[in-house]
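Just below is one structure, and these are the notes that go with it.
The values are calculated or read from the model by the stated rules, or taken from the named source; none is laboratory data. Just so we're clear, the structure is a prediction, and the values are computed from it rather than from any experiment. When we count neighbours, we look across all protein chains shown, and the Cβ atoms used for this are built from the backbone with ideal geometry, even at glycine.
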Amino acid sequence: MRLRKLSAILALCVASLAASAAAQQRFPPPEFESGYRFPEVSAPSPSGSWQEYVDLALLAAALAAATLLVLRTRLRGPILALTVACLLYFGFYRGGCVCPIGSIQNVTIAVFGSYAIPWVVVGFFALPLLTALLFGRTFCAAVCPLGAAQDLVAIKPLRVPAWLEHALGLMAWAYLAAAVLFAATGSAMIICQYDPFVSIFRVLPVGKMLEGWARRDPALEPAGLAGRYDLLLLAGTFLVIGVFIARPYCRYFCPYGVLLGLMSRLSWRRVVITPSECIQCRLCEGTCPFGAIRVPTAKAPSHMRFRGKGALTAALALLPVLGAAGGWLGGAFGGTMARMHPTVRLADRIRLENAGQAKGTTDESEAFRATGKPAEALYAEAGAIEATFVSRWGPRRLAIGGAHLFGGFVGLVVGLKLIGLSVRRRRTDYEADRATCVACGRCFAHCPVERARRQGKDVQIT
């Protein structure tokens with residue numbers, strides 16, 4: 001029943017996005033007689049290209065292959081081979097785009113704005129989530145190029161303490177909320193702008209290189225397509241950390257991983273360490289570099305059960321307090337968050353230049369002055385944008401600003417995390433956590449029951 005309800009909700013979301021995909025531009029571009037050419041936009045066109053449909057078909061095939069390898073074949077070697085293949089194609093050949101992680105922003109703009117979202121982007125967004133709902137995070141196992149780049153460098157992973165693991169994991173929720181807020185307000189697409197691994201893929205853009213050589217187009221030469229140096233440095237930092245802390249971006253920053261974890265909690269089929277009886281050898285616990293193995297729990301004494309109920313009661317009582325405190329704190333930074341919008345930043349720059357407090361001009365300010373538009377109109381437009389971030393109270397009206405919603409959401413996430421940690425779950429075997437397990441298959445290779453099953457032998461419990 002729970003799976004049917006969630007499937008219906010997911011189908012409804014896809015249907016609503018499909019309606020947005022059929023929409024047209026509300027305002028046609030003006031016609032110029034001076035030979036002006038519009039710059040290319042980063043958002044893909046609603047129709048999509050044949051290459052993008054090929055990518056979608058390959059994504060579906062890779063998800064099916066990863067699911068089969070994880071749930072049926074259960075061999076680390078083939079999973080690793082598929083990981084390398086997806087890294088080479090979706091990463092270096094296609095330059096990391098179209099990306100399910102970045103598609104969060106496209107979906108947000110389609111829901112809150114007039115963006116005609118392409119069918120291909122809908123597919124890239126929905127397919128991994130649907131797969132997670134049915135079979136767990138097999139997208140993370142071998143298909144995601146960002147995860148693959150980190151997984152291959154996890155040579156000597158260390159175990160992160162549980163309290164630190166839970167605390168760092170909250171950053172991904174905050175990143176997701178910020179990405180949705182900035183995309184909904186038209187401020188920025190921070191997932192794409194600050195994606196470190198795409199810059200690595202574009203240092204060696206195999207797909208663009210082949211296309212440029214075939215078309216003899218100098219605009220597609222590698223020199224003009226390399227990643228940003230600051231993001232390359234960030235990516236290098238993640239990869240160095242990834243040698244000792246497996247998949248740091250996936251575990252602590254990936255906003256799409258939050259959605260995959262939610263879907264995977266309700267998965268129809270899930271990754272199990274061994275399909276047979278667990279002999280509790282603890283080899284899987286030491287093998288998993290992501291801290292995703294949940295150990296058996298002993299029956300708690302009566303006084304400990306009382307303390308557990310007390311902690312749960314306190315966490316429940318603290319939930320609305322954290323939500324309200326987060327909303328207030330988020331509102332305090334509403335003005336700062338509004339400056340992520342280019343119009344607000346431009347208005348601040350024009351105001352400083354007009355007051356003589358800024359030296360010289362910028363390309364943006366010169367372009368604005370060339371339009372002949374009065375500064376007051378720009379200030380009014382920027383003020384309206386800032387108002388979407390900050391709450392407004394009146395005798396007949398109450399409008400909650402986006403910054404308050406962002407802070408309140410993060411506060412509620414913290415409260416729900418405390419509630420989850422206060423609930424004691426009974427386990428008799430070593431199990432892979434549904435939300436955090438990325439189905440990498442490392443535990444399969446070390447489980448003696450699994451090895452004996454492949455050889456057709458029985459394992460005696462000692």
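What the table shows:
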| item | result |
| --- | --- |
| Gly261 being of a type in the set (Gly, Ala, Ser), in a helix (DSSP H, G or I) and crowded, with 19+ Cβ neighbours inside 10 Å | yes |
| Residues of the stretch 93-140 satisfying the condition of being within 15 Å of Ala62 (Cβ to Cβ), surrounded by fewer than 20 Cβ atoms within 10 Å (Cβ to Cβ) and at pLDDT below 90 | Tyr93 |
| All positions within the stretch 91-117 that are in contact with a Phe, Trp or Tyr (Cβ under 6 Å, 6 or more places away or on another chain) and over 11 Å from Ala183 (Cβ atoms) | Gly91, Phe92, Gly95, Gly96, Val98, Pro100, Ile101 |
| Ala315 vs. criteria touching a residue at least 40 places away in the same chain (Cβ under 8 Å) and either exposed (fewer than 14 other Cβ atoms within 10 Å of the Cβ) or more than 23 Å from Ala184 (Cβ to Cβ) (or both) | yes |
| Matching helices (runs of 4 or more DSSP H) fully within the stretch 304-395 where at least 1 residues are acidic (Asp, Glu) | 342-354, 363-371, 375-387 |
| Unique match (being buried (at least 17 other Cβ atoms within 10 Å of the Cβ), in contact with a Pro (Cβ under 7 Å, 6 or more places away or on another chain), in contact (Cβ under 8 Å) with a residue 24 or more places away in the chain and assigned by TED's automatic domain parsing to the domain that holds Glu165) among Pro289, Pro255, Pro248 | Pro289 |
| Residues of the stretch 406-449 that turn out to be surrounded by 21 or more Cβ atoms within 10 Å (Cβ to Cβ), among the small types (Gly, Ala, Ser) and either out of contact with any helix residue (DSSP H, G or I) (no Cβ under 8 Å at 6 or more places or on another chain) or assigned to a helix (DSSP H, G or I) (or both), as a count | 4 |
| Test: residue in the stretch 80-87 that is crowded, with 20+ Cβ neighbours inside 10 Å and not aliphatic (A, V, I, L, M) | yes |
| From Ala66, Ala62, Ala116, residue being farther than 17 Å from Val143 by Cα and in contact with a helix residue (DSSP H, G or I) (Cβ under 7 Å, 6 or more places away or on another chain) | Ala116 |
| Residue identified as modelled with pLDDT of 90 or more and over 31 Å from the mean Cα position of the chain (by Cα) among Arg305, Arg349 | Arg349 |
| Answer from Val70, Val54 - the residue that is modelled with pLDDT of 90 or more, touching a Gly at 6+ places or on another chain (Cβ under 8 Å) and in the same structural domain as Val120 (by TED's automatic domain parsing) | Val70 |
